[in-house]
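I have placed the structure first, in the form of structure tokens, so that the comments after it can refer back to it.
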Amino acid sequence: MLRIASRLQPEPPEHDLPFVFSIEFQNDHFIMPASPKNAVTTPAYFVAEVEIHDPAGFKPYAEQFATTLVPFGGRLVSFGAPIVALEGIQATTARAAIVVFPSMPAGQDWFSSAVYRKIAPIRQKSASTRAFAVEGLPAEAD
């Protein structure tokens, strides 16, 4: 059973059904607040499309990238995989990088950290990049 409630409606009854949750609209987007029973985490994904034009120059960046994620709880989901164009994008030789962080603040802290800012110029000199971060769907914490 899936029940969606808002602050304008009464709260759902308290019980142990695993698929009951509420969704709130706040700051122009929907959120799932944590309940006292189940802590909810919202991961964030860093996604980059990287067109490497100097492979030898890019190599030091690739060798150091993963270690910059560790202090921020980042985990590589994909790094260097070819992009398969499906819709709204032309075929490309660019590669993808996808990293999942435990939260958006963790991802933003990583991107602005001294350890990452130190290697970013290597990427900027050897590749063209389009990147963004996006929150994932909330998940119950273990």
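Filter the stretch 111-142 for residues that are small (Gly, Ala, Ser) and over 23 Å from Gly57 (Cα atoms); which is surrounded by the fewest Cβ atoms within 10 Å (Cβ to Cβ)?
Ala141
Say whether the condition of being out of contact with any strand residue (DSSP E or B) (no Cβ under 7 Å at 6 or more places or on another chain) and acidic (Asp, Glu) is met by at least one residue in the stretch 123-138.
No - not one qualifying residue is present in the stretch 123-138.
Given the criteria of a type in the set (S, T, N, Q), more than 20 Å from Pro71 (Cβ to Cβ) and modelled with pLDDT under 95, does Thr92 qualify?
yes
Out of Ile31, Ile23, Ile4, which single residue is modelled with pLDDT under 95, more than 24 Å from Asp109 (Cα to Cα) and within 21 Å of the chain's Cα centre (by Cα)?
Ile23
Quick test for you: out of Val99, Val70, Val84, pick the one residue that is surrounded by 14 or more Cβ atoms within 10 Å (Cβ to Cβ) and of a type outside the set (Asp, Glu). Spell out how you get there, then give the answer.
Working: Val70 fails: surrounded by 14 or more Cβ atoms within 10 Å (Cβ to Cβ); Val84 fails: surrounded by 14 or more Cβ atoms within 10 Å (Cβ to Cβ).
Just one listed residue meets the conditions, Val99.
With a cut-off of at least 3 residues that are farther than 21 Å from Pro43 by Cβ, name the strands (runs of 3 or more DSSP E) lying wholly within the stretch 70-142. First the steps, then the outcome.
On the way: elements: 75-82, 95-101, 127-135.
It comes to 127-135.
The values are calculated or read from the model by the stated rules, or taken from the named source; none is laboratory data. It should be emphasised that the depicted structure is a prediction, and the values quoted were computed from it without experimental measurement. Positions of Cβ are generated from backbone atoms using ideal geometry, with glycine treated the same way; all protein chains shown enter the neighbour counts.
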